[in-house]
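All remarks here apply to the structure that follows.
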Amino acid sequence: MVLDPERRLAVDIFPCEDGHTQERRLFSQVLSVVRSGEVWVADRNMCTQQFLVEIAQHDAAFVIREHQNLPYQALSDLIFIETGEAGEIFEQDIEIQYNGHRVELRRVVLRLATPTRHDDTEIVVLTTLPTAVADASTSLRLYRNRWRVEGLF
């Protein structure tokens, strides 16, 4: 399901007759609705090389939480940006590849002052938004304030 945060509506739904289907198997359907200029915000289950690269190929941007198994190449060291109300913020330039295509992006790390209810001590998001459009703090805020499917019901 794709949610439009401005209208607070489900704008695209991808039904599947097998209720146990892993949502990643539906990526091709989701990618068919990605349009140039959009910003896609999603949780870590959507964080695959294919999905990220193909969003970028549609000339759209993303702010997606990093999945711990995503392979990437560091292009810079992780550098301290600032201390925010939730913890310390760091940033790093990285590159991912899929099917012969490369995408450079920013890896934004929030080292939490207080762990989450799931005991996460960091929140890491990946974004292709330029720093001039969304700095590290803004990128984290976009992810942390995303409208969840659960809020629809």
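For the reader, a short list of remarks on this structure follows.
- Only one of V39, V33 that is in contact with a strand residue (DSSP E or B) (Cβ under 6 Å, 6 or more places away or on another chain) and farther than 18 Å from R144 by Cα: V33
- From the list E91, E54, the one residue that fits, being touching a residue at least 40 places away in the same chain (Cβ under 8 Å), outside any loop (DSSP other than H, G, I, E, B), under 19 Å from A134 (Cα atoms) and of a type outside the set (A, V, I, L, M, F, W, C), is E91.
- Residue count for the stretch 73-88, restricted to those that are within 15 Å of L126 (Cα to Cα), among the small types (G, A, S) and part of a strand (DSSP E or B): 1
- The condition of being in a loop (DSSP other than H, G, I, E, B), of a type in the set (K, R), surrounded by 11 or more Cβ atoms within 10 Å (Cβ to Cβ) and under 18 Å from the mean Cα position of the chain (by Cα) holds for only one of R146, R106, that being R146.
- Output for the stretch 92-103, where each listed residue is out of contact with any Ser or Thr (no Cβ under 9 Å at 6 or more places or on another chain) and either within 14 Å of L70 (Cβ to Cβ) or surrounded by 11 or more Cβ atoms within 10 Å (Cβ to Cβ) (or both): E95, I96, Q97, H101, R102
- Unmet requirement for T138, which otherwise passes all of (1) part of a helix (DSSP H, G or I); (2) surrounded by fewer than 16 Cβ atoms within 10 Å (Cβ to Cβ); (3) touching a residue at least 12 places away in the same chain (Cβ under 8 Å): (3)
A short reminder: the numbers here are calculations on the coordinates, not readings from a lab. Please read these numbers as outputs of a predicted model, since none were measured by experiment. Using ideal geometry, Cβ is built from the backbone for each residue, glycine included, and neighbour counts are taken over all protein chains shown.
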